[in-house]
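I have placed the structure first, in the form of structure tokens, so that the comments after it can refer back to it.
The values are calculated or read from the model by the stated rules, or taken from the named source; none is laboratory data. Quick caveat, the model's predicted, so the values are computed rather than measured. Heavy atoms of the whole protein, side chains included, go into the accessibility calculation; ligands, DNA and RNA do not. Shrake-Rupley method; radii C 1.70, N 1.55, O 1.52, S 1.80 Å.
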Amino acid sequence: MDPVIAAYTVLLAVALGLSGFLRGDARRRGRGLLMAATLSGFIVVAAASALVNAVAVPDLILTSLAVFFSAQAATTAFSLLWREICSTHQARGSVPGSDRGEDTSA
Amino acid sequence: MSVGLQIDLVGWFALALILAALYGLNSEKGEQSGNTARHKPAIGLLFAALLLMLVSVLWTSDGSNVPLAIVMVLLGIVAAPLSSRYRAARGSSPQRTVREGILSGLSLITIGTGLSVALLGLTGWFDMDRDAFTWDIRLVSVSSEFIGVWTFAAGLMLWLRLNDYLPQSSPGRNQKRFGLAVLALAVLLSGLSVLFPAYASVLMIVVAILALELGALSALGVAETRVARVLGQHTGLIGAAIAMLGYVQASLFLLSMGGLIVAAAIHYLRGAMAFNQARRRRTDS
């Protein structure tokens with residue numbers, strides 16, 4: 001791949017992301033971190049593409065482990081983000097101070 | 001790792017879905033009127049984009065490794081709830097429990113992504129033809145190895161601390177200096193292994209050990225209030241590693257995903273920490 005195209009793409013994506021995330025609620029940046037974690041779960045795509053193209057046995061072992069761990073990370077990230085959104089729902093509807101302390105097992 | 005990711009056509013649609021989802025998740029309009037109906041479909045869109053990319057990766061392959069890939073993905077999905085169960089220490093307040101549960105989950109995410117980045121860097125290192133082994137591929141391999149191992153070690157240490165397997169520590173000044181020295185040494189050795197490929201394998205092992213130590217240092221040497229910040233930094237590093245993997249795999253999709261993650265991490269690191277689940281403000285952190 002042409003390094004110039006790659007550099008342009010990364011620069012544009014960073015600029016787009018920065019300007020897009022600025023719209024978010026400034027008091028609620030924890031959700032931004034959860035979103036970043038969810039997006040980094042997309043590494044499972046890179047790992048899967050490396051796995052389906054692997055030929056030698058060591059490659060197969062390494063890349064299938066990579067797919068395993070990245071799928072686990074992606075699932076955890078999605079579940080955390082989902083609970084954050086759901087608790088936004090509840091927080092709007094309920095009295096402030098009623099905590100959902102029990103619901104911590106992901 | 002050097003093989004092309006021939007799915008950028010599908011990747012554009014997935015990227016459009018992701019951008020729409022981020023737009024929906026960042027919108028404040030719904031929240032102010034007490035109606036967050038736009039947020040749940042946004043997560044659905046993100047999930048659909050991930051599924052679309054996975055299916056298209058599996059679809060365009062020659063099919064020999066597809067069952068293995070599907071089994072590994074399913075195993076990972078099944079293992080996630082088992083591994084991320086969080087037990088709080090007795091006597092802590094519910095708010096604190098929720099916050100530490102989230103941080104524990106986030107450190108699990110950094111462990112998983114760090115490991116897979118390191119493994120992908122390793123396959124790139126071993127897999128490469130010697131004559132096609134140009135300096136940029138070497139650079140990407142070494143830096144993703146370094147980032148992956150560093151992130152894995154930091155996430156593991158943070159997870160152990162948050163789950164009370166390690167004693168709480170407070171940072172000393174010498175510890176920070178030592179961490180900086182190790183970082184400088186690791187960067188120097190990585191540069192050497194890029195410049196002199198003859199000794200690269202030995203240097204890579206040394207760099208991996210240094211990265212492990214660096215991760216342990218950077219995770220142990222922070223006060224507990226700054227744990228979220230360290231996790232944010234490592235998420236940004238993972239984004240950079242994804243962008244580099246995208247460069248090697250010739251995938252514009254992964255390049256732009258890496259850029260988005262870096263942007264999100266930068267945006268997070270500039271601000272204060274507040275999870276809605278924990279319903280805390282920065283005064284009590």
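Structure above, values below:
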quantity	calculated
Region B:179-219 - accessible surface per residue (Å², probe 1.4 Å)	50 Å²
Hz values of 3J(HN,Hα) by residue in region B:231-238 - Karplus curve (6.51, -1.76, 1.60), Gly and Pro given as x	4, x, 4, 6, 5, x, 4, 4
If the convex hull is drawn through the Cα atoms of region B:187-243, its volume per residue in Å³	79 Å³
Note, ³J(HN,Hα) from phi for region B:51-56, Karplus 6.51, -1.76, 1.60, rounded to Hz, x at Gly and Pro	5, 4, 5, 4, 4, 6
Accessible area (Å², 1.4 Å probe, nearest 10) - residue B:270	150 Å²
Solvent-accessible area, 1.4 Å probe, carbon plus sulfur percent, for region B:173-274	73 percent
Protein heavy-atom accessible area occluded, B/A pair - total, 1.4 Å probe, Å²	8400 Å²
Estimated vicinal HN-Hα couplings, Hz - region B:198-214 in sequence order (Karplus 6.51, -1.76, 1.60; Gly, Pro = x)	5, 9, 5, 5, 5, 4, 4, 5, 4, 5, 5, 5, 4, 5, 4, 5, 5
